[in-house]
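These notes concern the structure reproduced below.
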Amino acid sequence: MPAAEDLRRLLQLSARGDDAAFEALYRAVAGPVYGVALRLLRSPAHAEEVAQEVLLEVWRTAAAYRSERGSVMTWVLTIAHHRAVDRVRSARASAERDHRAGAWEPVQSDPPEEQAVRSLDRQRVRHALAHLSAAQREAVVLAYYGGYTQREIAHRVGVPLGTVKTRIRDGLIRLRAATALDGDRPLLVPGSVPGAGRVVGARP
C-alpha cells in the first residue's frame, strides 16, 4: 500500500489527466473502497457497482481534494461511504414501494450501529465530521468507514499507537458534542468504531 504522500502525489497527477497515475491510485484504493461498500450493502454485485461509481467520482473530482481536510484515503473512503448509504436508501425506498404495492419481501436487519449511521443524512455527517481536526477525522474515518484496526491505522499514518487511540477517543468526544448541539443522538454509538469501547474514557 503506497504511503499517504504517494497517494497524494498520484491524485494530483490524476487531476492533471495522468492515466498512469490514476491506474496506480486505482490499484491502491479499490480494495478498501470495495470493502466499505460491501460492509454496508451486503451484496458483492452491488458493492462492485458502487466501487466503480466511487472511483469514477474520484477521477472526475480529483482536483477538488484538499489535503488540510485529511488524507487521500480518508477522502476516498468518505465518498465510498456516502455512495453506499445512498444505494441503501434507494433500495429501501424501492422495498417500501413494493410493500405498498403488496409485493413486500423481508429485508435483512442490520446491526444497530449501522442503522444509526445510515439514518443520518449526508449533510449531518459532513457537518459533524467538520468539527474534528484533520488528524482526528482521518483516524475516525479509517477506523469506522475503512474498518482498519487502531494498530493498522498507526502503521498507515506513521504515528504511535497511543496517538491513534487518543485521536479516535477525542474525535468521538467531539462528534458526540457536535451532534448534541443539534439535539440528536450521537453520530457514532459505542462499539461502532473498532476498539472504540476500549478507547473512550481511557488514558492514552
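The table below gives the values:
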read-out: Subset of the stretch 129-151 that is without any contact (Cβ under 8 Å) to a residue 60 or more places away in the chain and in contact with a Leu (Cβ under 8 Å, 6 or more places away or on another chain) - its residue that is surrounded by the fewest Cβ atoms within 10 Å (Cβ to Cβ); value: 151
read-out: From the options 10, 40, 56, residue that is of a type outside the set (Asp, Glu), over 23 Å from residue 153 (Cα atoms) and either open to solvent by 60 Å² or more (accessible area, probe 1.4 Å) or in a helix (DSSP H, G or I) (or both); value: 56
read-out: Output for the stretch 13-37, where each listed residue is open to solvent by 30 Å² or more (accessible area, probe 1.4 Å) and more than 14 Å from the chain's Cα centre (by Cα); value: 13, 15, 16, 17, 18, 19, 20, 22, 23, 26, 27
read-out: Total residues in the stretch 59-104, condition at pLDDT 75 or above, open to solvent by less than 30 Å² (accessible area, probe 1.4 Å) and of a type in the set (A, V, I, L, M); value: 10
read-out: Conditions (1) modelled with pLDDT of 70 or more; (2) part of a helix (DSSP H, G or I); (3) more than 26 Å from residue 34 (Cα to Cα); number of the one not met by residue 138; value: (3)
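The values are calculated or read from the model by the stated rules, or taken from the named source; none is laboratory data. These numbers were taken from a predicted model, which means no experiment stands behind them. Counting neighbours? That spans all protein chains shown, and the Cβs are built from the backbone with ideal geometry, glycine included. Areas reflect the complete protein model, heavy atoms only, side chains present, ligands, DNA and RNA absent. Shrake-Rupley method; radii C 1.70, N 1.55, O 1.52, S 1.80 Å.
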